[in-house]
Amino acid sequence: MTKIKKHSFSSEFWSQRYEQNHTGWDIGEISSPLKNYIAQLKDRELKILIPGAGNAYEAEYLFQHGFKNVYVADISEKPLKNLKNRVPEFPEEQLLHIDFFEIENSFDLILEQTFFCALPVDARQNYAKKSAELLKENGLLTGLLFSFPLTENGPPFGGSKDEYLTYFSQYFEIEILEPCYNSIKPRQGNELFLKLRKKPA
């Protein structure tokens with residue numbers, strides 16, 4: 001595997017990115033693949049976690065469409081405040097200013113959108129394990145992963161389907177991990193859609 005240079009992925013690192021508007025991952029709205037996925041969800045009572053959520057347009061969309069049990073986690077407080085400013089009625093207790101790996105709760109669904117790719121690569125196995133731990137029995141990890149060669153440049157860091165399978169197969173049944181057919185134009189050909197179901201204990 002390509003060796004990635006160490007970065008400071010602290011709260012200060014990410015807060016500075018927001019303060020300086022160095023947020024190239026932020027498309028200003030929910031991405032079309034996740035919007036389409038959410039549209040087919042029937043159970044509005046699902047308890048949903050969006051880790052490393054940034055400005056959390058997905059949470060805003062979910063909340064506005066009747067999903068009130070949505071939790072947003074980010075290591076930087078700045079994007080959580082941005083969401084609260086956009087959606088004042090979003091419950092304060094569901095805005096989690098916390099490191100993903102320190103969350104202690106359980107969820108039906110974890111939505112992944114540009115969080116995994118921002119982690120140091122040596123944290124990827126721990127991400128898979130922690131996601132499984134946070135999910136209830138039969139819970140789902142769903143969303144998008146970048147699919148382009150892994151280099152020292154990042155975040156975002158790339159990766160491949162074969163690499164991702166080495167992390168997730170231990171904890172999840174792989175229902176979907178395929179090239180995304182409805183990516184936004186700038187990301188076409190560079191995304192995988194994943195739908196993984198937690199393996200029985």
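The values are calculated or read from the model by the stated rules, or taken from the named source; none is laboratory data. What you see is a predicted model; the values in this text were computed from it and never measured. Don't worry about glycine lacking a Cβ; one is built from the backbone with ideal geometry, like all the others, and counts go over all protein chains shown.
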For region 65-73, state whether one or more residues are out of contact with any strand residue (DSSP E or B) (no Cβ under 6 Å at 6 or more places or on another chain) and either at pLDDT below 95 or small (Gly, Ala, Ser) (or both). yes
The one condition residue 16 fails out of (1) more than 22 Å from residue 133 (Cβ to Cβ); (2) within 18 Å of the chain's Cα centre (by Cα); (3) at pLDDT below 80 is (2)
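Take the residues in region 78-117 that are assigned to a helix (DSSP H, G or I) and either touching a Ser or Thr at 6+ places or on another chain (Cβ under 7 Å) or among the aromatic types (Phe, Trp, Tyr) (or both), then tell me which one is surrounded by the fewest Cβ atoms within 10 Å (Cβ to Cβ).
The extreme case among them is 101.
Could you tell me which residue of region 187-201 is nearest to residue 112 (Cα to Cα), considering only residues that are in a loop (DSSP other than H, G, I, E, B) and modelled with pLDDT under 95?
Going through region 187-201, the residues in a loop (DSSP other than H, G, I, E, B) turn out to be 188-190, 199-201.
Checking which are modelled with pLDDT under 95 leaves us with 188-190, 200-201.
On the way: 188: 17, 189: 18, 190: 15, 200: 21, 201: 22 Å.
Across region 187-201, the extreme among qualifying residues is 190.
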Which condition number in (1) in contact with a helix residue (DSSP H, G or I) (Cβ under 6 Å, 6 or more places away or on another chain); (2) of a type in the set (Ser, Thr, Tyr); (3) surrounded by fewer than 13 Cβ atoms within 10 Å (Cβ to Cβ) is the one that residue 167 fails? (3)
(1) among the hydroxyl-bearing types (Ser, Thr, Tyr); (2) over 25 Å from residue 46 (Cβ atoms); (3) surrounded by 17 or more Cβ atoms within 10 Å (Cβ to Cβ) all hold for residue 151 apart from (3)
Would you check if there is a residue in region 62-82 being without any contact (Cβ under 8 Å) to a residue 12 or more places away in the chain and not hydrophobic (A, V, I, L, M, F, W, C)? yes
From 125, 113, grab the single residue that is touching a residue at least 24 places away in the same chain (Cβ under 8 Å), over 17 Å from residue 57 (Cβ atoms) and of a type outside the set (Val, Ile, Thr). 125
Residues being over 11 Å from residue 194 (Cβ atoms) and at pLDDT below 90 - total across region 147-172: 12
Examine region 45-58 for a residue that is at pLDDT below 95 and in a helix (DSSP H, G or I), and state whether such a residue exists. yes
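So, in region 42-61, of the ones that are surrounded by 15 or more Cβ atoms within 10 Å (Cβ to Cβ) and either without any contact (Cβ under 8 Å) to a residue 12 or more places away in the chain or over 12 Å from the mean Cα position of the chain (by Cα) (or both), which residue ends up nearest to residue 104 (Cα to Cα)?
The initial filter retains those residues of region 42-61 that are surrounded by 15 or more Cβ atoms within 10 Å (Cβ to Cβ), namely 46-61.
If we keep only those that are either without any contact (Cβ under 8 Å) to a residue 12 or more places away in the chain or over 12 Å from the mean Cα position of the chain (by Cα) (or both) too, we end up with 46-47, 60-61.
On the way: 46: 17, 47: 14, 60: 23, 61: 25 Å.
Within region 42-61, the match that is nearest to residue 104 (Cα to Cα) is 47.
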Kindly provide the set of residues from region 62-72 that are surrounded by fewer than 24 Cβ atoms within 10 Å (Cβ to Cβ) and part of a strand (DSSP E or B), ordered by number. 71
Do we have any residue at all in region 134-144 that's assigned to a loop (DSSP other than H, G, I, E, B), within 16 Å of residue 194 (Cβ to Cβ) and of a type outside the set (Gly, Ala, Ser)? no
